[in-house]
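Here's the structure, in structure tokens; my notes come after.
The values are calculated or read from the model by the stated rules, or taken from the named source; none is laboratory data. Owing to the predicted nature of the structure, the values given are computational and were not obtained by experimental measurement. Methodologically, a virtual Cβ is constructed for each residue, glycine included, from the backbone with ideal geometry; neighbour enumeration extends over all protein chains shown. When the accessible area is computed, the model is the full protein with side chains, heavy atoms only, and any ligands, DNA or RNA have been set aside. Shrake-Rupley method; radii C 1.70, N 1.55, O 1.52, S 1.80 Å.
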Amino acid sequence: MRKQLLATLATLGMLTTAPFVLANPIEIQVNNTMSEGGSESAAVERFAEYLEEQAPGRFEVRPFLAGSLGGENAVLELLNLGQTQLSLTGGNWRQQYAPEYDAITVPFVFTTWDEVDAYMESPSGQALVEKAENQGGLKYFGLQHRGPRHMTANKEIHSPADLEGFRLRLPSLPVWLEVWEEIGAQVVNVPAPEIYLAMQTGQVDGHENSLSSPYTRRLWEVQDYLIMTSHVQFPWSWVASSRWWEGLEEEDQALIEEAIDVARQYGSEQERELDEFYLDALQEEGMTVIEPDVTPFREAALPAIDRVMAEMADGVREDALGNDSE
């Protein structure tokens, strides 16, 4: 019977085009906290497509979007236990497993993706990956770019002096609060669903986020200016459960790693195009774009950056900021 099946498959050409067709499909759950329709789901879809192109029927990719299996920390725990396979995750893995190397979270340290990528290749970046992999039971594959974070404001902001008395809405991240207070802003914590109302009622004067935030929240109705500070480059990261990964054949590992690389590049490009769309759309709705010199903001933030980095591992500041004066 087996010889007859093999002969039939060979006749149909399936043994050469689908060498894994007889094996049980490898299930790959891919987790992400964002809903379908963004660059994240596009990357997951491209990942699945590439695997099917290269090895038809070998892999069964199951996307779990919008936090279907839980938030980032819950999924990290599932990865550690080997109960899910793959995640396109935010920054919690760095903070949870290797906070002493996480310069990426600190505002105004990196203002371009080239700087972030260079840091991840530095000794501190490599130490971050190694410790997080060991502590979290992870296999790290690389970053996927997201839109940089900028400011919106109800007045023109050109320099740190313009932030005096400015009520800036921030999420409750202590490092972010410390840096923005050092620069001169009056930081205010407002839940994300209440941002529009807080601006409408004058509780806050502005906020910071990627360009998707003012676009999806229609903030042009309550804010006049986009301040292009690019003060945080907050990437997605592709990570897998090391327990699951180590149980795969080398050939399967190679294909999955190739697919992740293709997906990362595709997702980053999709995000760049989305960011351009948001910027054009916000200007069409009447928002004025201001591109300030970011150097004075970074210089004003340096005392806080130094305090934060003094608590980090040796070498992190040098790898992140180079020769910038302390």
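Taking the convex hull of the Cα atoms, report for the range 69-117 its projected area averaged over all directions, in nm². Walk me through the numbers before you get to the answer.
Numbers: hull surface 16.2 nm².
Projected over every direction and averaged, the Cα hull of the range 69-117 covers 4.1 nm².
For the chain, which whole percent of the accessible surface, found with a 1.4 angstrom probe, sits on carbon and sulfur atoms?
46 percent
Length gain on complete extension for the stretch LEU69 to GLU273, per 0.36 nm per residue less the alpha carbon to alpha carbon distance?
Numbers: separation 204, 0.36 × 204 = 73.44 nm, distance 2.87 nm.
Between LEU69 and GLU273, full extension yields an extra 70.6 nm.
Over the residues of the range 172-221, compute the C-alpha Rg and express it relative to 2.2 N^0.38 Å.
Here the answer is 1.17, to two decimals.
So what is the relative contact order for the range 198-315, in percent, with contacts set as C-alpha pairs under 8 Å and at least six apart? Please report the intermediate quantities before stating the final value.
On the way: 48 pairs, mean separation 51.2, N = 118.
The normalised contact order for the range 198-315 reaches 43 percent.
Beyond 15 Å, what share of the Cα-Cα pairs of the range 112-191 is found? Please give it as a whole percent. Before the final figure, lay out the partial values.
Working: 2191 of 3160 pairs.
Value for the range 112-191 (Cα pairs over 15 Å): 69 percent.
In Å, what Kirkwood hydrodynamic radius results for the range 142-300 from the alpha-carbon pair distances?
Numbers: mean 1/r = 0.0573 Å⁻¹.
Radius from the Kirkwood sum: 17.4 Å.
Label SER159 and ASP293 with points 7 Å out from Cα along Cα→Cβ: what is the distance between them in nm?
Calculated label separation equals 0.8 nm.
Tell me the label-point distance for the pair GLU121, ALA254, using the 7 Å Cα-to-Cβ offset, in nm and rounded to one decimal.
For GLU121 paired with ALA254, the spin-label model returns 2.4 nm.
With a probe of 1.4 Å, find how much accessible area the range 141-206 has per residue, and write the answer as a whole number in Å².
Numbers: 2820 Å² over 66 residues.
Per residue, the range 141-206 has 43 Å² of solvent-accessible surface.
Pairs of Cα atoms under 8 Å, at least six residues apart: use those to get the relative contact order of the chain, whole percent. Present the calculation step by step, with values, prior to reporting the outcome.
Numbers: 563 pairs, mean separation 80.6, N = 326.
Relative contact order here is 25 percent.
Rounded to the nearest angstrom and ordered from largest down, what semi-axes does the equivalent ellipsoid of the range 27-157 get from its C-alpha gyration tensor (root of 5λ)?
Working: eigenvalues 146, 80, 45 Å².
Each semi-axis is the square root of five times an eigenvalue, giving 27, 20, 15 Å.
Grab the DSSP H runs of the chain that are 4 residues or longer, score each as -39,500 (n - 2.57), total them, divide by all residues and round the 222 nm result to the nearest 500 deg cm²/dmol. List each step's numbers first, then the result.
Values: 14 runs with 152 residues, N = 326.
Calculated from helices alone, the mean residue ellipticity at 222 nm is -14000 deg cm²/dmol.
Taking H as built 1.01 Å from N, whose amide H comes closer than 5 Å to the amide H of THR84, not counting residues under 5 places away?
Hits under the 5 Å cutoff: LEU79.
Can you compute the equivalent ellipsoid semi-axes for the chain, i.e. the square root of 5 times each eigenvalue of the Cα gyration tensor, sorted largest first and rounded to whole Å? Could you put the intermediate results ahead of the total?
Working: eigenvalues 353, 106, 51 Å².
Taking √(5λ) for each eigenvalue gives 42, 23, 16 Å, largest first.
Collect residues whose amide H, placed 1.01 Å from N in the peptide plane, falls under 5 Å from the amide H of GLU60; neighbours closer than 5 in sequence don't count.
HN-HN under 5 Å from GLU60: ILE26, GLU27, ILE28.
At what distance in nm do the modelled label points of GLU221 and GLU181 sit from each other, each positioned 7 Å from its Cα along Cα→Cβ?
Each label point lies 7 Å from its Cα, and together they span 3.3 nm.
Using alpha carbons only, how many angstrom separate the centre of the range 41-99 from the centre of the range 140-189?
Answer, in whole Å: 29.
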